[in-house]
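The values are calculated or read from the model by the stated rules, or taken from the named source; none is laboratory data. All of these numbers come straight from a predicted model, not from anything done at the bench. Don't worry about glycine lacking a Cβ; one is built from the backbone with ideal geometry, like all the others, and counts go over all protein chains shown. Accessible surface is based on the protein model in full, side chains and every heavy atom, while ligands, DNA and RNA are left aside. Shrake-Rupley method; radii C 1.70, N 1.55, O 1.52, S 1.80 Å.
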Amino acid sequence: MQKISVLLFLAWVSFLFYAGIALFTSGFLLTRLELNNHSSCQEPPGPVFLPWGSQGEPGACWMASRFPRLVLVVIDALRFDFAKPQFSHVSGEPPVSLPFLGKLSSLQRILESQPHHARLYQSKVDPPTTTMQRIKALTTGSLPTFVDAGSNFASYAIAEDNLIKQLTSTGRRVVFMGDETWNDLFPGAFSQAFFFPSFDVRDLHTVDSGILERLYPTMDSGEWDVLIIHFLGVDHCGHKHGPHHPEMAKKLSQMDQVIQGLVEHLENDTLLVVTGDHGMTTNGNHGGDSELENSAALFLYSPTALFPSAPPEEPEVIPQISLVPTLALLLGLPIPFGNIGEVIAEVFSEVEDSQPHFSALAQASALHLNAQQVSRFLHTYSAVAQDLQIKELHRLQNLFSKASADYQQLLQSPQGAEAALQTVITELQQFLRGVRAMCIESWARFSLVRMAGGAALLAATCFLCLLVSQWAASPGFSFHPLSIPMAWGLIGAIVCAGFLAATGLKLDLVVLGAMAAVGSLLPCLWKVWIGWGSKRPLAALLPMPEPVLLLLLIRFAGFFSDSFVIAEARAAPFLLVSLILLLVAQLHWEGKLLPPKLVTVPRFGFLTPTGPPRHNGLHTLGLGGGLLLCIRLAGLFHRCPEETPACSSSPWLSPLASMVGGRAKNLWYGACVGALVALLAAVRLWLRRYGNLKSPEPPVLFVRWGLPLMVLGTAAYWALASGADEAPPRLRALVAGASVMLPRAVAGLAASGLMLLLWRPVTVLVKASTGAPRTRTILTPFSGPPTSQADLDYVVPQIYRHMQEEFRGRLERTKSQGPLTVAAYQLGSVYSAAVVTALTFLAFPLLLLHAERISLVFLLLFLQSFLLLHLLAAGIPITTPGPFTVPWQAVSAWAFMATQTFYSTGHQPVFPAIHWHAAFVGVSEGPGFTWLSALLVGSNTFASHLLFAVGCPLLLLWPFLCESQGPRKRRQPPGNEAEATVRPEEEEEPLMEMRLRDAPHHFNAALLQLGLKYLFVLGIQILASALAASILRRHLMVWKVFAPKFIFEAMGFIVSSVGLCLGIALVMRVDGAVSSWFRQLVLSHQRAGEQSSLVYTGAGSSAREAQSYLLPSCSQELLRPLT
Amino acid sequence: MKDTDIKRLLYAHLLCIFSIILSIFIPSFFLENFSILETHLTWLCICSVFVTAVNLILYLVVKSNTSSKRSSLSYKVTRFLKCCIYLLLSCFSFHVVFVLYGAPLIELVLETFLLAVILSTFTTVPCLCLLGPNFKAWLRVFSRNGVTSIWENSLQITTISSFIGTWLGAFPIPLDWGRPWQEWPISCTLGATFGYVAGLVISPLWIYWNRKKLTYKSN
């Protein structure tokens, strides 16, 4: 019952945190109202003033159609400098030869040969630079918001007005080929479509060759008005190899040929647009808002002359969404309702008319239509939503009416001066740019109430964790007050929800959750406050000792500085190293580190250590040193944040497949497999050391035979994955099949191992033997009469013992069987063995999701947590009868280490750094993005959070485990041999983890305390990132640093809390299994009717020698079923 | 423990602080373009030489009453050599600790080592002067209830505050302020110096305030 209430309480506290996170998120992340209004031909955006009577022309809508047909080529991730012409006129400099430079030479040729037909622009992309958001922006002309950033690969149909909708409603035939994302965004909109899966970023060619097969036949068939082509090869090449790879040059040359071919096939009435949807960073990723991601190329070409002037030397910079109104007006369509882009004025010049006046007038009319449409949108939007700034809105509206009036005036006096025309154009442009700036500014809309509420809920839950965890450490703790208010709060929330649902009010899940949380939190806080004793000072609540508090505070404060968030990969190990040095220094300060002979003060005897040092001091120092070394080595695997250009990422994070040299590749492969084998060997060695490898239980057998299989499978998968490109063609299919099946097999093995572990978690070897072997003493030969008192002292007990044994042997022989003694091995490490085994089973599938060389980090991870546990155990005293405590420094160090491992496995808390390739491990060509992919990517990203959270109970168990190395050498005082045979030296063999079992109440309290302390340390991190994001919400870096950090922290917290509950549940499962094991043992012996005594043996090297001792708790256990 | 002892301690500490101030101003008379930030390594060397010299002078003045047996030349020479070895060892071990803390391994080796040198100057040199090359005595001083005089007590305080200063000095490094003193290892050396000076100031005051509570078993 206590166990269930501990688990329930932890789950409930996690729920409180989730409710706080959800409430905060709903107030913090940007929202923008999507309007469902649509523009139509019949309703122009305002009074029509066209300079000449083009209204009556056939096909004219808001403006006469200039091009009946359009070919729109989207080359994913076509960065501006990929397309930039390379001028070789600087003779002195050697030409820069990068794989991506100057490969699109046909653009350059066209620009030079037909300057009035073509134009290259640098299009400025708004963040987030993910493909779906960009397609949305390229068709609606609006600013997709941040929330969408996560759903890049799970896109949904666009509800807003957009170009495709306008095209289909005016009856144009739209043909699409390329990226599947368009199908999700515009389901059923295309008259003909060829979709190709977009998510497999390793595949450079399928999409592009599929398009090329169908492109020219479709074009020549003429059954289209608008042809949209979306190539993915460049983007995938960037993701897989980065822009600096020779493959990129090939891909761009292919694109160049495509453009060349399209230009040749183009008819005179067709406009060709080639654009990139976003750029890419220097390592080929995108999603953020760095300069390289934000710049894309935009190229316009018409077979007829389009531009009045030759292109400028340096291409003009225009916003990406300018393309939307421009294309709409050129094609004779209404501009989409929600567009806030500004037309590219120069394409509306009348080229045939050499008179500049008419050109400017045409530009002004296009701009005016555009401005009317934007003004209409603003008017509609501000009537529905209040998030635009009123003052700025008024200013802009005044600007628009003035410009509009000027324009009308100009039209009525056609001989108006050139200067007046230019003023009107400038005013209209000012208006459009002002609107854009205002929208960017205010679509970062926050709900302060929800943010404050969420933060307050998080803070209150942290306080609750602190309170209950400290209370659970005190002796007078009881579980009762915890469950009652919890239940009441939940019932209240359900009733409230029912009431709301019955009255038909709109039910917000987030608010409801928050209400339930607050409703249950307040009574619980009150109860606990009373129970804990409100008289005690608050300071007693704080995490102690002070240096740990200081480190936690520094960690807390670090979230408020963008520099520290960016540099967290170095800051977290720094704090961890500080904590470790502090632990060692503290051990020394208290005299526990070094043996007294080194520290003795010659003259004064007052420096006596509080207890004998449990470990050799140098051993502890070695632990600390090894730990620091491991942390430093793990720090070598680190990925640079984009913000620090001077830093260079570790080359070891990339998969082996991307390595060029064969020899180095083989060496690395060997090292990775070596790390796997070392990991396996270390785990087996550890289990053997504590004797857990002897039991015939299925989990142990699985560890012995299944784990090597998993290692083998992983190694084989890596071999295939790293050499897949070099495989001979006829083996391709086999290799592909195997590289899908192998990870599945490993994951399946791991899952079955975990199942076995849950089914039979007690890995105890039972040996029944008659007669305790230990009591047979060895007689040392002694001849001759004793001569001295010393001899007598020696001989007499020997004779006594011998006689006693003889006597007992005779007794035993009189019975049919001697008193049955059961020797149970490794009971002392039964809990931690289960946890370590579970961690190993978890680690292998997680390892598969990472790049090969991360296996070294995983090895380091296991090693350093082992060392840390040992170091911590050296400083934690065992309070035998309980209450047990888990000190704060242990929990903090564990949490710091989880953070450090997050970074050293090559992660960064930003979206472009997510390892998307994890989604393909063991997945065959799937239908795009599924929940499975999300799960795989998620478990790749939060692997360290999961492992450390599941391993958290080890913090409590390890000091007991280390007991076995302790006072083994203490000798029994001589003389009471008679007593010793009755109860042979029960202190000598350590009880280890059975001490926890002896005090189940304290054990449960300690587990609760451990869970709450860990949740507290994680909770202040999420609280700090939430506070930082809300306080600094107008900071320059909020979308780049603080918001992603908050999202990653929140996700990490959720993973950690789930892992923590699982880990604690596992320990409880083992506990329950141990209890039933005892009961079974007792029953079977009762049935035999024997006077039996249960003998418990500790583990370790002595396990083979079968030293057996009575276990007092077990004898109580024996009595329990009888009474 | 008398007030005169505390006074002597205070004067000695003031002398140390004075030597650090001198190391900032004197070299600018002899060297062109000398400033702490730009010619930082030069300053580091000068500062550590100055502080070591003052510590040695203090040692000779304060601890002049050595017995005749210990004043033999060979004893002095071995003792001096031992001190040098200890100092070198401490420099190397500090260097290793800095690297473990995340300092670059290959680049900026000289800078890291000079930081180790200056930290050794602030911590190991006073230890050597006061306790001699006697590692056991060091361990004793830096453990609970281990100090036996106000000198050792002040040594404890200055050493710990130097460490803390160096540690705190690492915090500004990641900030994006772009100041010249954020370069590795300038902020740490400055932190160490400030920590040392703070320790020098604080320890006589702390001892003075707690003089009723402090009872040393020896004197």
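Restricting attention to the range A:220-238, does a residue exist that is assigned to a loop (DSSP other than H, G, I, E, B), among the aromatic types (Phe, Trp, Tyr) and at pLDDT 90 or above? Within the range A:220-238 (the criterion being assigned to a loop (DSSP other than H, G, I, E, B), among the aromatic types (Phe, Trp, Tyr) and at pLDDT 90 or above), the answer is yes, since at least one residue qualifies.
Residue under question is B:Phe163, and the condition is that it be closer than 18 Å to A:Val577 by Cβ, within 14 Å of another protein chain (Cβ to nearest Cβ) and either touching a residue at least 60 places away in the same chain (Cβ under 8 Å) or part of a loop (DSSP other than H, G, I, E, B) (or both); does it hold?
Details: closer than 18 Å to A:Val577 by Cβ: yes; within 14 Å of another protein chain (Cβ to nearest Cβ): yes; either touching a residue at least 60 places away in the same chain (Cβ under 8 Å) or part of a loop (DSSP other than H, G, I, E, B) (or both): no.
Answer is no for this residue.
Against the numbered list (1) away from chain B (no Cβ under 12 Å); (2) farther than 21 Å from A:Thr714 by Cβ, A:Phe637 comes up short only at (2). I want to confirm something. Restricting to the range B:107-117 and keeping residues that are in contact (Cβ under 8 Å) with a residue 60 or more places away in the chain and within 14 Å of chain A (Cβ to nearest Cβ), which single residue is surrounded by the fewest Cβ atoms within 10 Å (Cβ to Cβ)? Filtering the range B:107-117 for residues that are in contact (Cβ under 8 Å) with a residue 60 or more places away in the chain and within 14 Å of chain A (Cβ to nearest Cβ), the one surrounded by the fewest Cβ atoms within 10 Å (Cβ to Cβ) comes out as B:Leu108.
Select, from B:Cys45, B:Cys16, the only residue that is at pLDDT 90 or above, part of a helix (DSSP H, G or I), within 14 Å of B:Tyr196 (Cβ to Cβ) and within 18 Å of the chain's Cα centre (by Cα).
Exactly one of B:Cys45, B:Cys16 is at pLDDT 90 or above, part of a helix (DSSP H, G or I), within 14 Å of B:Tyr196 (Cβ to Cβ) and within 18 Å of the chain's Cα centre (by Cα), namely B:Cys16.
Rundown of residues vs (1) part of a helix (DSSP H, G or I); (2) more than 14 Å from chain A (Cβ to nearest Cβ), yes/no style:
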site: B:Leu128; (1), (2): yes, yes
site: B:Gly146; (1), (2): no, no
site: B:Asp176; (1), (2): no, no
site: B:Cys188; (1), (2): yes, no
site: B:Ala198; (1), (2): yes, yes
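If you go through the range A:1-29 and keep only what is surrounded by 18 or more Cβ atoms within 10 Å (Cβ to Cβ) and among the β-branched types (Val, Ile, Thr), you end up with A:Val6, A:Val13, A:Ile21, A:Thr25.
One line per residue, one yes/no per condition, for (1) more than 28 Å from the chain's Cα centre (by Cα); (2) at positive phi; (3) modelled with pLDDT under 90:
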site: A:Val174; (1), (2), (3): yes, no, no
site: A:Asp179; (1), (2), (3): no, no, yes
site: A:Val207; (1), (2), (3): yes, no, yes
site: A:Ile211; (1), (2), (3): yes, no, no
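Of the residues screened, B:Ser120 is not one that is more than 11 Å from chain A (Cβ to nearest Cβ) and open to solvent by 10 Å² or more (accessible area, probe 1.4 Å).
Candidates A:Leu863, A:Leu847: the one that is surrounded by fewer than 21 Cβ atoms within 10 Å (Cβ to Cβ) and not hydroxyl-bearing (Ser, Thr, Tyr) is A:Leu863.
For the range B:84-106, which positions are within 11 Å of chain A (Cβ to nearest Cβ) and either outside any loop (DSSP other than H, G, I, E, B) or open to solvent by 50 Å² or more (accessible area, probe 1.4 Å) (or both)? Answer for the range B:84-106, where residues must be within 11 Å of chain A (Cβ to nearest Cβ) and either outside any loop (DSSP other than H, G, I, E, B) or open to solvent by 50 Å² or more (accessible area, probe 1.4 Å) (or both): B:Ser93, B:Val96, B:Val97, B:Phe98, B:Val99, B:Leu100, B:Tyr101, B:Leu105.
Within the range B:167-174, not a single residue is away from every other protein chain (no Cβ under 14 Å) and within 24 Å of A:Leu575 (Cα to Cα).
Report the residue count in the range A:539-567 for those that are of a type in the set (D, E, K, R) and either within 9 Å of chain B (Cβ to nearest Cβ) or more than 23 Å from the chain's Cα centre (by Cα) (or both).
To start, the set of residues in the range A:539-567 that are of a type in the set (D, E, K, R) comprises A:546, A:555, A:562.
Then drop every residue that is not either within 9 Å of chain B (Cβ to nearest Cβ) or more than 23 Å from the chain's Cα centre (by Cα) (or both), which leaves A:546, A:562.
Final tally of qualifying residues: 2.
For first residues located in the range A:695-711 and under 14 Å from A:Ala681 (Cβ atoms), partners that are among the polar types (S, T, N, Q) and lie 6+ apart or on another chain with Cβ distances below 8 Å form the pairs A:Val703/A:Thr837; A:Val703/A:Thr840; A:Leu707/A:Thr840. Between A:Gly713, A:Gly670, A:Gly706, A:Gly662, the distinction of being at pLDDT 85 or above, over 30 Å from B:His95 (Cβ atoms), loosely packed, with under 15 Cβ neighbours inside 10 Å and small (Gly, Ala, Ser) belongs to A:Gly670 only.
With the condition kept exactly as written, say whether any residue in the range A:633-644 is of a type in the set (Phe, Trp, Tyr), farther than 28 Å from A:Val703 by Cα, modelled with pLDDT of 85 or more and assigned by the TED database to the domain that holds A:Ala585.
First, the residues of the range A:633-644 that are of a type in the set (Phe, Trp, Tyr): A:637.
Filter once more, keeping what is farther than 28 Å from A:Val703 by Cα: A:637.
Then keep just the ones that are modelled with pLDDT of 85 or more; that gives A:637.
Of the ones still in play, those that are also assigned by the TED database to the domain that holds A:Ala585 are A:637.
Scanning the range A:633-644, I find at least one residue that is of a type in the set (Phe, Trp, Tyr), farther than 28 Å from A:Val703 by Cα, modelled with pLDDT of 85 or more and assigned by the TED database to the domain that holds A:Ala585, so the answer is yes.
The residue of the range B:130-144 that is least open to solvent (accessible area, probe 1.4 Å), among those that are more than 8 Å from chain A (Cβ to nearest Cβ) and within 20 Å of B:Val97 (Cβ to Cβ), is B:Val141. Considering the range A:717-736, and only residues there that are of a type in the set (Gly, Ala, Ser) and over 27 Å from the mean Cα position of the chain (by Cα), the residue that is nearest to A:Val1074 (Cα to Cα) turns out to be A:Ala736. Just one residue in the set A:Ser964, A:Ser944, A:Ser1025, A:Ser924 is surrounded by 20 or more Cβ atoms within 10 Å (Cβ to Cβ), of a type in the set (Ser, Thr, Tyr) and at pLDDT below 80; that residue is A:Ser964. Between A:Gln430, A:Gln409, A:Gln355, the distinction of being modelled with pLDDT of 90 or more, open to solvent by 10 Å² or more (accessible area, probe 1.4 Å) and of a type in the set (S, T, N, Q) belongs to A:Gln430 only.
For the range A:655-675, indicate whether the set of residues that are part of a loop (DSSP other than H, G, I, E, B), under 27 Å from the mean Cα position of the chain (by Cα) and within 14 Å of chain B (Cβ to nearest Cβ) is non-empty. Working first, answer last.
If we filter the range A:655-675 for residues that are part of a loop (DSSP other than H, G, I, E, B), which is where we start, we get A:655, A:659-661.
In the following step, the residues that additionally are under 27 Å from the mean Cα position of the chain (by Cα) were identified as A:655, A:659.
Those still in the list that are within 14 Å of chain B (Cβ to nearest Cβ) too: none.
Scanning the range A:655-675 turns up no residue that is part of a loop (DSSP other than H, G, I, E, B), under 27 Å from the mean Cα position of the chain (by Cα) and within 14 Å of chain B (Cβ to nearest Cβ).
Candidates A:Pro883, A:Pro877, A:Pro845, A:Pro785: the one that is at pLDDT 70 or above and assigned to a loop (DSSP other than H, G, I, E, B) is A:Pro883.
Could you tell me whether the range B:95-116 includes any residue that is within 18 Å of B:Gln156 (Cβ to Cβ), in contact with a Ser or Thr (Cβ under 8 Å, 6 or more places away or on another chain) and not acidic (Asp, Glu)? Among the residues of the range B:95-116, not one is within 18 Å of B:Gln156 (Cβ to Cβ), in contact with a Ser or Thr (Cβ under 8 Å, 6 or more places away or on another chain) and not acidic (Asp, Glu), which makes the answer no.
Looking only at the range A:569-579, which residues are under 13 Å from B:Phe171 (Cβ atoms) and facing another protein chain (nearest Cβ under 9 Å)?
If we filter the range A:569-579 for residues that are under 13 Å from B:Phe171 (Cβ atoms), which is where we start, we get A:570-571, A:574-575, A:578.
Result: A:Arg570, A:Ala571, A:Phe574, A:Ser578.
Number of residues in the range A:540-561 that are closer than 20 Å to A:Ala1043 by Cβ and surrounded by 21 or more Cβ atoms within 10 Å (Cβ to Cβ) equals 3.
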